[in-house]
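Inspection log for the structure reproduced underneath, given as structure tokens.
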There are 2 protein chains.
Amino acid sequence: MDILRRNTDYALRLMVGLARHQENNGSVSTRLLAEEQEVSYQLACKLMQQLHDARLVASCMGPKGGFRLSRRLAEISLLEIIEVVQGPLSLNRCLAKAGACPRAGVCPVRGKIGELQGRMGEYLGGVTLEELAANPGAKETAGERT
Amino acid sequence: MDILRRNTDYALRLMVGLARHQENNGSVSTRLLAEEQEVSYQLACKLMQQLHDARLVASCMGPKGGFRLSRRLAEISLLEIIEVVQGPLSLNRCLAKAGACPRAGVCPVRGKIGELQGRMGEYLGGVTLEELAANPGAKETAGERT
DNA sequence: GTTAGTTGGACTATATTAGTCCTATACGTA
DNA sequence: TACGTATAGGACTAATATAGTCCAACTAAC
């Protein structure tokens, strides 16, 4: 089972790519971004659209147009990007919205799962795009590679 | 997005139900278990089968037959049950098996995600069926109910 | 020997996710 | 000011993964 969906992964790449272009403070075209990050152009369009709806990026149409981050790097968390693509973080349906599970009162698992979910949100909310963009690669997993 | 699948939820219920019958130290029929835990009988069969394949429960056929936990309550973790139903815990495909992602070397997200995955496994591995069975209900979420 | 009740496996339907295509819009250029 | 090009945005289709059902084989009590 995968928790992060493939599209979420693409979205993260795109955001990191965007972050790295931020210094030029001009708009970056989706086409360039998609190429750099090895994401299908069409799919990138769709994802950028979602990120735009969530106000994480600002768009600019026409030739020379493209996207730009709408906030500072340190103000965008990993959690936000994830939730834009795959909805609110939820370990179980029961926890998604109060009263969703009629067994809530007798469920012994709910408490533990709820606690874990809280911790996950906290962790992911604490990682900023700034950190991600600064990190050149997964050096800490060296040796684990092919 | 849900991380715990519906079937996983059912499996957890069934295991907790089984745990609560453990005192009688006789086998419990799937039919009874399914009724008690409000899971479709057929579906319960399927899940018990998976739990059996994973050696978490022992089976006994024929009339008066049924299932029984094959280990002590404290020796079965939440993580084990989850992984039986939905496979190894994996936040992302990249992490499922080494070398699965050709971008591993340049991926800035991988490290963070890997760390979170480790923490999750640790947490879930630490919760035992004993704890769950003892916990009568989600008292800690009182007020959040319907 | 028969029968009721069970486990176990194969199959089908459904829901979710991924990916593609098309249209409308905006800007730069002639 | 009109045109052309490159973009954003939305609708649709295909693929995949999950949930659920059905049927067959087996076992032990009666």
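Summary of computed values
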quantity	calculated
Inter-residue pairs, beta-carbon under 6 Å, first within 14 Å of chain B (Cβ to nearest Cβ) and in the range A:28-41, second surrounded by 13 or more Cβ atoms within 10 Å (Cβ to Cβ), 6+ apart	A:Glu36/A:Gly17; A:Gln37/A:Arg13; A:Gln37/A:Leu14; A:Gln37/A:Gly17; A:Val39/A:Tyr10
Qualifying residue in the range B:3-10 (condition: assigned to a loop (DSSP other than H, G, I, E, B) and touching a residue at least 40 places away in the same chain (Cβ under 8 Å))	yes
Tally of residues being away from DNA strand C (no atom under 13 Å from the Cβ) and either more than 14 Å from chain B (Cβ to nearest Cβ) or farther than 23 Å from A:Thr128 by Cβ (or both) across the range A:48-79	15
One residue from A:Leu89, A:Leu14, A:Leu95 being at pLDDT 90 or above and touching a helix residue (DSSP H, G or I) at 6+ places or on another chain (Cβ under 7 Å)	A:Leu14
Residue tally, condition open to solvent by less than 70 Å² (accessible area, probe 1.4 Å), within 14 Å of chain A (Cβ to nearest Cβ), over 12 Å from the mean Cα position of the chain (by Cα) and more than 12 Å from DNA strand D (Cβ to nearest atom), over the range B:1-27	3
Residue selected from the range B:100-136 under the condition in contact with a Lys or Arg (Cβ under 8 Å, 6 or more places away or on another chain) and of a type in the set (Gly, Ala, Ser), by the criterion farthest from A:Ser77 (Cα to Cα)	B:Ala133
Flag if A:Val84 is open to solvent by 30 Å² or more (accessible area, probe 1.4 Å) and β-branched (Val, Ile, Thr)	yes
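The values are calculated or read from the model by the stated rules, or taken from the named source; none is laboratory data. Only a predicted model underlies this, so the values are computations on that prediction, with no experimental measurement involved. Here Cβ is always computed from backbone atoms with ideal geometry, including for glycine, and neighbour counts include all displayed protein chains. The accessibility values were calculated without ligands, DNA or RNA, using every heavy atom of the protein model including side chains. Shrake-Rupley method; radii C 1.70, N 1.55, O 1.52, S 1.80 Å.
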